[in-house]
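First comes the structure, then the notes that go with it.
Bear in mind these aren't lab numbers, they're just calculated from the coordinates by the rules spelled out. Note that this is a predicted model, so its numbers are computed, not measured. Every residue, glycine as well, gets a Cβ built from its backbone with ideal geometry; the counts of neighbours run over all protein chains shown.
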Amino acid sequence: MRIDTDQKIAILSSVFVAALIGANLLGTKVTTLFGVSVSVGIFAYPLTFLITDAIEEVFGKKKVTHLIYGALVAQILILGIVALAIALPPAERYEHNAEYTTVFSNSIRIIIASLTAFVLSQTHDIWAFQFWRNKTKGRFLWLRNNLSTIVSQFIDTTLFMFIAFYQVTPKFDVAFLFSLIIPYWLFKIIFALLDTPIVYGIVAWLKSDEKNQDHSPAQ
């Protein structure tokens, strides 16, 4: 079955939103990778940056901006649904309301932190990708992808950590948060470097449609 351009964008948009919301809802759990404590959301959230870079590479800034706005609406919707789910009284036969409330109350602060960090970091990523595209005259996709993502991930990680965890307990002061931010950000850099072939693959997949063989991205 042939997949046209609109279907490809719909698939990538679905993966983008799923990764974003999944990272938000699951991100309260912390695991240890190579001795560093990281949120399990690290397995989903980096997907968002590679998808936006690939879409911007092929279709330009306007198309990827629409994706960001759509994802923002989805996050706000989920925030409202989670708040409603917590507020509703449990049925008598439901025995885990306290645990449910604990988990998803934390998710509300996580989602608010993620919303703020998401909008600002993705806005920077779109701008930076276009900036480096102009500087490199459309060459070196690997360089543009990584330069824009590395800085954007630092913005995202720093904003997210401070909004989500600052003064949750007295331990979570500025120094302690940066002790978490730096290794977490370095993990994201590693993910960004590793996903570079995936970005090339997605770009090639998007361009494979006959309608896009001679496509020039909009500014």
field: Gained length - Ala87 relative to Leu193, 0.36 nm times residue gap less alpha-carbon distance
entry: 34.0 nm
field: 25 Å Cα-Cα reach of Lys135 towards lysines, excluding residues that sit fewer than 8 places from it in its own chain
entry: Lys61, Lys62, Lys63, Lys188, Lys207
Leading residue at positive end of dipole, segment 5-211 (Cβ point charges), from Ile163, Ile11, Asn134: Asn134
statement: Per DSSP loop assignment and a cutoff of at most 13 other beta carbons within 10 Å, the chain keeps its longest run without exposed chymotrypsin sites (Phe, Trp or Tyr not before Pro) at 95-165
task: Give me the number: length gained by fully extending Phe176 to Ile163, i.e. 0.36 nm times residue separation minus the C-alpha to C-alpha distance, one decimal in nm.
output: 3.3 nm
- request: Would you work out which of Gly80, Ser179, Ala113 lies farthest towards the positive end of the dipole of the chain? Charges go on Cβ: Lys and Arg +1, Asp and Glu -1.
  value: Ser179
task: With runs of 4+ DSSP H residues as the only contributors, calculate the mean residue ellipticity of the chain at 222 nm using -39,500 (n - 2.57) per run, divided by the residue total and rounded to the nearest 500.
output: -25500 deg cm²/dmol
task: Give the range of the longest stretch in the chain that excludes all GluC sites (Glu not before Pro) found in loop regions by DSSP and having at most 10 other beta-carbon atoms within 10 Å.
output: 96-219
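If you average the sequence gap of Cα pairs under 8 Å that are 6 or more apart and divide by the length of segment 5-211, what percent do you get for the contact order?
Details: 202 pairs, mean separation 53.8, N = 207.
Relative contact order, segment 5-211: 26 percent.
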task: Could you list which residues have their amide H under 5 Å from that of Leu33, counting only those 5 or more apart in sequence or on another chain, with H placed in the peptide plane?
output: Val38
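Where nothing but the Cβ of Lys and Arg (+1) and of Asp and Glu (-1) is charged, how large is the charge dipole of the chain around its Cα centre, in debye to the nearest 20?
On the way: 17 positive and 15 negative charges, 112 e Å.
Computed about the Cα centre, the dipole is about 540 debye.
How long are the three semi-axes of the equivalent ellipsoid of segment 120-210, in whole Å, if each is the root of 5 times an eigenvalue of the C-alpha gyration tensor, listed from largest down? Spell out each step's value before the answer.
Values: eigenvalues 205, 34, 24 Å².
Semi-axes from the Cα gyration tensor: 32, 13, 11 Å.
DSSP loop trypsin sites (Lys or Arg not before Pro) in segment 1-94 with at most 15 other Cβ atoms within 10 Å of their Cβ, which ones? Could you put the intermediate results ahead of the total?
Numbers: sites: Arg2, Lys8, Lys29, Lys61, Lys62, Lys63, Arg93; in loops: Arg2, Lys29, Arg93.
Within segment 1-94, the qualifying trypsin sites (Lys or Arg not before Pro) (loop, at most 15 other Cβ atoms within 10 Å) are Arg2, Lys29, Arg93.
What number results when the radius of gyration of the chain, computed over Cα atoms, is divided by 2.2 N^0.38 Å?
Numbers: Rg = 18.8 Å, N = 219, 2.2 N^0.38 = 17.1 Å.
Here the Cα radius of gyration is 1.10 times the empirical estimate.
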- prompt: Taking the simple approach of a point 7 Å from Cα along Cα-to-Cβ for both Ala10 and Thr102, what is their distance in nm?
  reply: 4.2 nm
task: Please list, in chain and number order, the residues 5+ apart from Gly60 or on another chain whose amide H is under 5 Å from its amide H, with Hs placed from the backbone.
output: Ala218
- request: Taking the chain as the reference, fit the longest principal axis to its C-alpha atoms, fit the long axis of helix 141-165 to the helix C-alpha atoms, and give the angle between the two in degrees, 0 to 90, nearest 10.
  value: 20 degrees
- request: Can you tell me the 0 to 90 degree angle between the C-alpha axis of helix 5-26 and the longest principal axis of the chain, rounded to 10?
  value: 30 degrees
query: Between Leu72 and Phe43, what is the FRET efficiency for a Förster distance of 25 Å, r being their Cβ-Cβ separation, to the nearest 0.05?
result: 0.70
